[in-house]
Amino acid sequence: MIPKDQVESILSKVNLKAVVSQYTSLSAKGPNLVGECPFCYSSSFTLSPGKRIFKCFRCKKGGNVVNFIKEMEDLNFIETIAFIQLKYSGTIGNAPSFDKSLRGTVYVLELENYHYYIGFTRQFDIRMASHFNSRGAQWTKKHKPVSVLKAHYNKTLEYENILTEKYIMEYGYNKVRGGDHIFFHHKYSSLSSFN
């Protein structure tokens, strides 16, 4: 059992907009953000940054960052908290106390103009369809996918970070996104050798 105060501490440090933006484009509308729902693909999706909640008025999915990731990645509550803590460790600190046995597929997409995207999912076919139909991460909307270079099955979120850093070291920060992007942004974006 995860202590409630530990869960609340983790969740208070995760930016729902940053998480949701990896799955769909958002634009400002008053105090809220709106966009295409990553679940039903309608234009009825609203995110309230101030309240830290989202809602689709068509498919009725809604809630906080836990509900969002739980639905998108088909995880249970414990797996979702572990996913958040591991995936967003640059945001919430590097001291995970959860079992790191959460496993899924870590994949590498080759994108237009020699760009790359590394991701983790428990629903590989659905995630690939979203990337190749311009419904994936912001990076794969900006740089269209060309092919799946690699798919590593039964891997951890930590492997996603290892692979992302390997690609950053080989191709440069400006050509690669994936893993704990906030951590890698702070680590590599200001280095002249990666610009």
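Data overview
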quantity: Reach of Lys166 by Cα under 17 Å, taken over lysines that are not fewer than 8 positions away in the same chain; calculated: Lys87, Lys150, Lys155, Lys175, Lys187
quantity: Inter-centroid distance (Cα atoms) of the range 158-172 relative to the range 65-83, Å; calculated: 24
quantity: Neighbour-count ranking [beta-carbon atoms within 10 angstrom, fewest first] of Thr156, Thr80; calculated: Thr156, Thr80
quantity: Alpha-carbon radius of gyration plus Dmax, which is the widest Cα pair, for the range 4-92 in Å; calculated: 12.6, 35
quantity: Gain in span if fully extended, Glu71 to Lys175, counting 0.36 nm per residue against the direct Cα distance; calculated: 34.5 nm
quantity: Rotationally averaged projected area of the range 103-194 (alpha carbon convex hull; nm²); calculated: 5.4
quantity: Helix-only mean residue ellipticity at 222 nm for the chain, each DSSP H run of n ≥ 4 adding -39500 (n - 2.57), per residue, nearest 500; calculated: -10500 deg cm²/dmol
quantity: Surface/4 of the Cα convex hull for the range 100-149, nm²; calculated: 3.4
quantity: For the chain, built as a Gaussian network whose Cα springs stay under 10 Å, the top-fluctuating residue of His143, His185, His115; calculated: His185
quantity: Residues with amide H under 5 Å from that of Asn32, placed H, sequence gap 5 or more; calculated: none
quantity: Ellipsoid semi-axes in whole angstrom, largest first, where each is sqrt(5λ) of the Cα gyration tensor of the chain; calculated: 24, 21, 17
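Read-outs: derived from the displayed coordinates by stated rules, not from any lab. What you see is a predicted model; the values in this text were computed from it and never measured. Reconstructed Cβ throughout: ideal geometry from the backbone, glycine too, with neighbour counts over all protein chains shown.
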